[in-house]
Amino acid sequence: MDTGVSDRSEGEPRRGVQTTGDPAEAPTAAVAPAVASGNGQSPTSPGAARAAASYPLPPVPAPQRGAAASIDRPAPREDTGRPRGRLRRRRKILLGVVIAALILLPAVGAAVWSSRQPSTYAAEVDLLHQPSDTSATDTIDRQLATHQVLLLRRDLLDDVAESVGRDPDELADDVGVEIVEGSSVLRIRVVDENRDRARRAATTLADRYAAIAGRLAPTSNIGRVELVDSATVLGEPVGPEPLRAAAAGGLAGLVLVLAFLALLRLRDRPGGPAGP
């Protein structure tokens, strides 16, 4: 009896239901009869169609392509700066190695070089100063200083070097004169690789200067000097000195380190010279 209505409901699209053929909108058509049947009407009745038109449902969005992949894909890591920190640590380690090398290499090299040098010996001889009777204390100090200077005159050292068979320049570097503290004694010290030659050079220098001072005493008022005893050679060698050479090499290395750090600071400064 309701054949006409049923045919129209089956052959024509229901009012309020969109049939665009999009699979995403299919649930809208499926849910609408359920709303109508909840009111006690048949899903195929005209009332059901009107109910579906009165309660339109929003379309369900279709899942976007690649949505599942974007959900499952882990979020990218944030840059924590670890590579930069490792690079900074490596640079500090390299800088420390360079600084240690600049200090140690000159010190070790100087010590090795010094240890390979031949042993040297020192001979010492004392001259006793005899001031004049009218000399005051400050005058005596000045007389001792004068004798100390005259003992190192180059012409006198050249004569001594010729007598003992040494190079004058080397002998001039190996001779020293000191005033023994709290006394009137002038101590001459000669260093040589040959023990006997060192002793002969010290004795010859003391004898010849004593003669010179005796000739100058009457007119210069510097007093006289006399040889206390013949020169003696110290029992132990005075050279080489590897420790002192190592200290000097380490000091030179420290200077190199300071120059290197200054160069690095100048290089890192904006507008400084570009590195290689």
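Summary of values
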{"quantity": "Calculated on alpha-carbon atoms, Rg and Dmax of the range 121-233 in Å", "calculated": "13.8, 44"}
{"quantity": "R0 of 45 Å, Cβ-Cβ distance S183-L87: FRET efficiency to nearest 0.05", "calculated": "0.10"}
{"quantity": "Placed amide H near G223: partners under 5 Å, 5+ positions off or other chain", "calculated": "S132"}
{"quantity": "The range 97-178 - convex hull of the alpha-carbon atoms, volume per residue in Å³", "calculated": "164 Å³"}
{"quantity": "Residue-count net charge about R195 - beta-carbon cut-off 13 Å; Lys, Arg +1, Asp, Glu -1", "calculated": "-2"}
{"quantity": "Estimated FRET transfer efficiency when R0 is 22 angstrom, pair D169-V233 (beta carbons, to 0.05)", "calculated": "0.45"}
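Values in this text are rule-based calculations from the coordinates and carry no lab data. Owing to the predicted nature of the structure, the values given are computational and were not obtained by experimental measurement. So basically every Cβ, Gly included, is an ideal-geometry build from the backbone, and we count neighbours across all protein chains shown.
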